[in-house]
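Take a look at the structure set out below.
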Amino acid sequence: MDARRVAVVGAGLAGLSAALELKDHGYRVEVFERSRLLGGRATSFEIDGREVDNGQHVFLGCCTEFVRFAERIGMADRLHLQRRFDALLLARDGVASRLRAAPLPAPLHLLASFGRYRHLRLGGKLRVARALASALFERGDPGATFDVWLAKHGQDARTRRAFWDPFFIPALNAPLDRASGADALFVLSTAFLRGAGAARFGFSTVPLAHLAEAAALRVDAVHRSTAVLGVELASEQRARVRLRLAGDRAASFDAVVLAVPPRAVAKLLGDPQRFGVIGLDGYAPYPILDVHLWHDRGCLGFEFAALLESPLQWVFEKGPGYLCCSVSAADEYLTLPAADLERLVWEELLAFFPALRGAAPVRAAVTRNPEATFLPRPGMRRTPQRTAYPEIAIAGSWTDTGWPDTMESAVRSGTAAADVLREALGPTAGTEARTVA
Ligand SMILES: Cc1cc2nc3c(=O)[nH]c(=O)nc-3n(C[C@H](O)[C@H](O)[C@H](O)COP(=O)(O)OP(=O)(O)OC[C@H]3O[C@@H](n4cnc5c(N)ncnc54)[C@H](O)[C@@H]3O)c2cc1C
């Protein structure tokens with residue numbers, strides 16, 4: 001018997017993770033990607049001869065499946081993960097303070113450093129500490145926003161600006177009066193309260209598309225610049241799904257993973273309800289924009305820093321003279337002309353980094369992502385990977401993984417979708433699980 005043939009629509013991390021999992025189990029896997037680039041939202045491309053990420057991406061020590069994905073494709077050594085949690089937070093008045101883990105079990109590992117944290121006075125620290133202690137025992141009301149939770153736990157404007165905003169707006173990519181309280185508590189307990197290494201920051205040391213390209217080498221075929229226009233149940237006996245492609249072409253497979261954003265799933269299925277898929281219109285996209293800025297001052301000597309009370313939440317020094325400035329939940333900045341954004345960012349950088357005074361920007365580029373992450377309607381159940389048809393599964397960082405829309409969620413969703421199809425298709429010819437070195 002030939003290996004069962006599976007199509008994956010979408011070469012983002014979710015699709016690639018599903019593809020690897022299926023390939024490892026002996027299926028023949030073909031990936032269809034609309035773009036010429038691989039990696040989806042986590043990609044990179046050249047601007048004026050320099051390769052830049054679609055936007056700075058970080059992962060945390062608790063993102064075990066993303067790290068496993070990188071191991072699986074032989075790229076683990078291209079990920080940098082801090083040895084211990086260490087974050088630099090800067091205020092406009094020039095005060096700098098670090099939150100840094102001590103070699104103690106969680107949550108005690110952050111206690112000493114938080115005690116010395118310069119952006120909050122004693123009263124504010126106690127307020128934050130009390131809220132953190134309650135978070136240990138709460139799961140959050142899925143219908144309530146994080147803002148409501150913070151208010152319930154007595155967090156004032158100062159504690160929000162100095163502690164909650166810099167970590168949670170970027171982590172959830174939403175204003176806190178829109179982010180779900182349950183998601184925020186999940187991040188809080190998973191990253192900060194459970195394991196001492198869980199909150200360590202990590203990032204790729206190579207442009208993000210290199211990860212996707214490495215993953216793509218391990219599947220049977222990748223069809224770039226090939227949008228799938230629709231998915232139908234095929235009538236032939238063995239080929240159970242048919243993909244409609246441009247130019248009246250079609251391709252038939254035993255099963256398919258739809259690893260595309262929610263609206264694209266709706267389009268592919270035509271009538272999602274018929275496939276048992278509901279609520280696809282309940283996801284709101286949230287933007288992120290990044291300003292990539294090159295200056296003539298060389299190395300400033302930091303890895304990354306949060307800027308308090310600035311539209312630039314985090315700035316990363318990606319190389320000598322190259323700063324990547326990230327603006328999460330970026331609604332109000334998204335449509336500003338590039339020149340205005342570049343000016344605004346340079347002025348902010350001059351205010352927060354005295355070492356830049358007298359330096360000159362050399363070049364800049366703006367990457368805008370109006371649909372950087374998807375947030376379900378408050379209280380709505382996220383879409384499962386399983387549909388009413390066993391040969392059609394859905395993957396995507398926005399699907400029900402228990403994680404907010406992140407690279408970790410994307411990878412987990414891909415594995416879960418692959419499991420759904422494996423259950424439906426059964427073992428393929430002569431295969432026991434095969435491991436890709
Ligand atoms: C600027 C930015 C910063 C971010 N920062 C972080 C971060 O710091 N940490 C973090 O964990 N996450 C971050 N994220 C979120 C993270 O990138 C996503 O959660 C993750 O990459 C989503 O992966 P995915 O595979 O689910 O979806 P996508 O990456 O959106 O992949 C879907 C793919 O499907 C393709 N496609 C769509 N329709 C079709 C079709 N009809 N036919 C064929 N192909 C199709 C698309 O072209 C795309 O390649 C960020 C996102 C952005 C944009």
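In percent, how large is the relative contact order of the stretch 284-376, given Cα pairs closer than 8 Å and 6 or more residues apart?
RCO, the stretch 284-376: 46 percent.
Between beta-carbons, use under 14 Å as the cut-off and find the net charge around ALA338, counting Lys and Arg +1, Asp and Glu -1.
-1
Just to be sure I understand: with springs between alpha-carbon atoms less than 10 Å apart, which residue in LYS152, LYS125, LYS318 has the highest mean-square fluctuation in the Gaussian network model of the chain?
LYS152
Output needed for the chain: three equivalent-ellipsoid semi-axes, defined as square roots of 5 times the C-alpha gyration tensor eigenvalues, in descending order, whole Å.
Computed over the chain, the values are 39, 25, 20 Å.
Please give me, ordered by residue number, the GluC sites (Glu not before Pro) of the stretch 175-249 that lie in loop per DSSP and have at most 13 other Cβ atoms within 10 Å.
Those that pass, being in a loop and sparsely packed, are GLU236.
D for the stretch 62-113, whole µm²/s, Stokes-Einstein with Kirkwood Rh over alpha-carbon pairs at 4 °C and 1.567 mPa s: what number?
In µm²/s, the coefficient is 97.
All of the numbers you see were taken from the coordinates with simple rules; none came from a lab. The structure displayed is predicted, hence computed values, not measured ones. Cβ sites come from the backbone with ideal geometry, for glycine too, and all protein chains shown count toward neighbours.
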